[in-house]
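Note sheet for the following structure.
The values are calculated or read from the model by the stated rules, or taken from the named source; none is laboratory data. Since we're looking at a predicted model, the values are computed, not measured. Cβ coordinates were reconstructed from backbone atoms using ideal geometry, including for glycine residues, and neighbour counts include every protein chain displayed. The area values use the complete protein model at the heavy-atom level, side chains included, leaving out ligands, DNA and RNA. Shrake-Rupley method; radii C 1.70, N 1.55, O 1.52, S 1.80 Å.
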Amino acid sequence: MFENIEKLPMIPLRGLSVFPSMILNFDIERPISIAALDRAMESDRRIFLLAQRDADVEEPSAEDLYAIGCIASIRQILRMPNGGVRVLVEGKTRARMNRITLFRPWMEAEVEAIAEEPDLEHHRLKEALMRRTRGLIGHMSMLLQGNGPVSGNIDDYREPGALADFLAQNMHIPHEKKQLILETLQPLRRLEKMNDIIEYEIDVLEVEAQLQRRTQGRMMAAHRESILREQMRTIQQELGMDEEQEAESEYDEYKKKIESLSASDEIKEKLMKELNRLSHQGMGSSEGAVLRTYLDKVLELPWGVFTEDVLSVENTRKILDEDHYGLQKVKERILEFVAVRQLAPDMKGAIICLVGPPGTGKTSIGMSIARAMNRKLSRISLGGVHDEAEIRGHRKTYVGAMPGRIMNAMAQAGSSNPVLLLDEVDKLGTDYRGDPSSALLEALDSEQNHAFRDHYLEVPFDLRNVVFITTANTTDTIPRPLLDRMEVIELSSYTDEEKLHIAKDHLLPKQRQKHGLKAKQLRLSDAVLRAVITGWTRESGVRTLERELGAICRKAAMKLVEGEKDSVSVTLRELESYLGVRKYKPEDKQREDTVGLAHGLAWTSVGGVTLDVEVAVIDGNGQMRLTGNLGEVMKESAAAGLGYIRSRAAILGIDPAFHKTKDILVHFPEGGVPKDGPSAGITMTLAMISALTGARVRGNIAMTGEITLRGRILAIGGLKEKTMAALRSGADTVIIPKENEPDLAEIDPDVRSRLKFVTAAHIDDVLHVALDFTGVKPWKPEKQPDKPLLPPTVPEPERLPERTLAN
């Protein structure tokens, strides 16, 4: 009873059925199917193939599979470069799945081989059915104009069951019908069902043939109408009839527009060619609609249309100062551009990339440039664009094809010398549809963009007079060839003082006007604005600050409408009633000297922050554990710092064998926030030295710098933001790399005057600046040397004042 039951590896098939005695190849991509195939290859190459009911199910269960499939023998496999497998199998026998015995790592099922049920009908019935099948296949071949529905000679099959299996395997019919044939065990009954399927396919083909004949008839009628219209036009011209209507005709209207274009002969010739094609189309033809859309799009472009530039440095400076506070470096570069254009009007358009954190005014600067130069502005948002055709357009042979975003922006601007603002250029994507950043290369290259070709327009357009301004939050994700074509101007984070001026001069008046308030109806003192900046916002820009000011305006409007007050003056005590509980508490400015705790500095997308490092030394076997959601670069920095300490352990007063008996635990608080980068190297190293020696880290010092294995301190980035974070945290001294000393000139003067900066090229230079060795007993070897390695009290070296910068 159980002789035909066995366990075999199983592959669920999507939209496919395998029949006995049939050879078939197909591709496998699912890991569980590949694992089942490998399992079968390791045994006797037999595998159970079973079709899914729904091809979209990725991990099918027993309910998602048909009950009857086919046991097959694997004849050949081919590993594909993408990780998939192409397999050639030969069906052996039908089988029923009793149950699934294994789902992972491959699917395995208990299957029972099924024998065909004998036919009791007469031999004549068998011959009649097979003749009927051959006749139906012949009729189907005629409808398909000689292309048979199956490849191969059906006369080679003498048995009805084998013939039905052959046709079901090779004909293009739904897999549900193929499964129906597979589940029919009686050969004659199987062939009868196959004949029913073929008859249905013949009926569908006959209906398709009728529809095709009707379509051809309509096309012939449309062609006949076009010919008659052309003949009528010729007769009217010969008789001099309807001349006024002809002058107003569509053809002449397009022709006049083309002739009046300030474009090259090449472009006019191309447009006339398309217009002549349109003249041969019927009014209702689909090709005519495509040609009309194409001509309309090309003629909408501003060929030879220019706005007159207002090239005044004083006017530009006035507008930039009205719209933005600070940003002196950006304003200086824009004024230089205007000055050069004033002296050399024929200079090619500039390509500027404004890089900075969110909310620092990159987009609004582009708008101010357009207003200052009296140019039209068109904005293109590139965030999330993955398709190259979004930039260059689609070929007009595609249904619904349109020009790319650049040409649409030019048509929207209405001039050939606008300011094109390409927003979020660092967020361009790439996939199988192409690389949009590569498509931008031609447009942003001043040596090539005099003949920019959109795929849809197929004619060159001159972009030399366009001022391109791109914006980005970072240059890390911008492809190098694209970045090389742009002049990068960095916008740093705003200081609290700058935010105060922006709020007073720009944000608050804007929100008052937006909410229908007058200046005398709502008053906010500088102290209140500072409290909002420090207590409810923590960002590089001012977007959140503007939203908080908007919330205050809404609350004030409610009080005015309800008649509580004639005017509102918000005080510090009332601030929480307007904005809710304070979101950011003031950082602890009273920092004590602590063993194993150092204060580092980091730069994030919202500005500078302090980054504390905690180190503990415990008995162990020399392991170092790093916690706090750290990246690989940060872990390597910790390893470099530990290597430096081990190489100079005796000089530092540390037992040279500490790496054998002690474990070092390094932790960065706020473990939910990912952290990476090399600039915390000096902080981790000093914290480890403090924990190993017992020296206290001075709490009034913050530090940043990358460390090498030999103790050298290398340059870091984001110094301006980091120093602002140090000032907010209560530090009065900041240790920075010697190589960053020139960057001090770019730091806000207020921050520079309130902090003392210590520059260092080697960590030895700052050991006695950052650490307090008072009362520290250095490690002593068993054999006492002639001179102590580290005196109990180490005076500060005389050269330190030379490395201390007051401003």
Original post:
So which helices (runs of 4 or more DSSP H) are wholly in region 446-518 and hold at least 2 residues that are among the acidic types (Asp, Glu), open to solvent by 40 Å² or more (accessible area, probe 1.4 Å) and at pLDDT 85 or above?
Top reply: none
**OP:** Give ALA639, ALA657 a once-over and let me know the one that is under 14 Å from ARG625 (Cα atoms), out of contact with any Asp or Glu (no Cβ under 9 Å at 6 or more places or on another chain), open to solvent by 20 Å² or more (accessible area, probe 1.4 Å) and free of Cβ contacts under 8 Å to residues at least 40 places away in the same chain.
**Re:** ALA639
**OP:** Just name the residue that is most open to solvent (accessible area, probe 1.4 Å) out of those in region 732-754 that are at pLDDT below 90 and aliphatic (A, V, I, L, M).
**Re:** ALA745
**OP:** Tell me which residues, restricted to region 372-389, are in contact with a strand residue (DSSP E or B) (Cβ under 8 Å, 6 or more places away or on another chain) and farther than 24 Å from HIS455 by Cβ.
**Re:** MET373, ARG375, LYS376, LEU377
Original post:
Do we have any residue at all in region 549-561 that's assigned to a loop (DSSP other than H, G, I, E, B) and either open to solvent by 50 Å² or more (accessible area, probe 1.4 Å) or touching a helix residue (DSSP H, G or I) at 6+ places or on another chain (Cβ under 7 Å) (or both)?
Top reply: no
Original post:
If you go through region 476-494 one residue at a time, do you hit one that is closer than 27 Å to PRO436 by Cβ and in contact with a Pro (Cβ under 8 Å, 6 or more places away or on another chain)?
Top reply: yes
Original post:
If you scan region 571-611, which residues turn out to be modelled with pLDDT under 85, under 17 Å from ALA680 (Cα atoms) and in contact with a Lys or Arg (Cβ under 7 Å, 6 or more places away or on another chain)?
Top reply: TRP603, GLY608
Original post:
Of (1) in a strand (DSSP E or B); (2) buried (at least 18 other Cβ atoms within 10 Å of the Cβ); (3) of a type outside the set (A, V, I, L, M, F, W, C); (4) within 44 Å of the chain's Cα centre (by Cα), PRO60 satisfies all except one. Which?
Top reply: (1)
Original post:
Quick one: which of MET688, MET684 is touching a residue at least 60 places away in the same chain (Cβ under 8 Å), within 20 Å of ALA726 (Cβ to Cβ) and either out of contact with any Pro (no Cβ under 8 Å at 6 or more places or on another chain) or hydroxyl-bearing (Ser, Thr, Tyr) (or both)?
Top reply: MET684
Original post:
Within the set of pairs 6 or more residues apart or between chains, which connect a residue that is more than 20 Å from TYR456 (Cα to Cα) inside region 298-314 to a residue that is assigned to a helix (DSSP H, G or I) and of a type in the set (Gly, Ala, Ser) with Cβ atoms less than 6 Å apart?
Top reply: VAL313/ALA339
Original post:
If you go through region 48-106, how many residues are out of contact with any strand residue (DSSP E or B) (no Cβ under 7 Å at 6 or more places or on another chain), farther than 16 Å from HIS175 by Cβ and not acidic (Asp, Glu)?
Top reply: 7
Original post:
Taking the condition open to solvent by 70 Å² or more (accessible area, probe 1.4 Å) and either within 30 Å of SER364 (Cβ to Cβ) or among the polar types (S, T, N, Q) (or both), does LYS273 pass?
Top reply: no
Subject >> Residue count, region 521-548 (criterion: surrounded by fewer than 16 Cβ atoms within 10 Å (Cβ to Cβ), assigned to a helix (DSSP H, G or I) and touching a residue at least 40 places away in the same chain (Cβ under 8 Å)) >> reply: 2
Original post:
Does THR571 meet the test of being open to solvent by less than 60 Å² (accessible area, probe 1.4 Å) and of a type in the set (S, T, N, Q)?
Top reply: no
Subject >> Count of residues meeting criterion [surrounded by fewer than 18 Cβ atoms within 10 Å (Cβ to Cβ) and over 25 Å from ILE181 (Cβ atoms)] in region 13-34 >> reply: 3
Subject >> All helices (runs of 4 or more DSSP H) inside region 282-400 with 1 or more residues being surrounded by 13 or more Cβ atoms within 10 Å (Cβ to Cβ) and in contact with a Pro (Cβ under 8 Å, 6 or more places away or on another chain) >> reply: 286-300, 362-373, 389-392
**OP:** Provide a single number: the residues in region 665-722 that are assigned to a helix (DSSP H, G or I) and either open to solvent by 30 Å² or more (accessible area, probe 1.4 Å) or within 18 Å of PHE757 (Cβ to Cβ) (or both).
**Re:** 8
**OP:** Search region 420-435 for residues being surrounded by fewer than 24 Cβ atoms within 10 Å (Cβ to Cβ) and at pLDDT 80 or above, and hand back the single one that is farthest from CYS353 (Cα to Cα).
**Re:** LYS427
Original post:
What are the pairs, 6+ residues apart or on separate chains, where a residue within region 82-95 that is at positive phi and outside any strand (DSSP E or B) has its Cβ under 9 Å from a residue that is of a type outside the set (Ser, Thr, Tyr) and surrounded by 15 or more Cβ atoms within 10 Å (Cβ to Cβ)?
Top reply: GLY83/ILE34
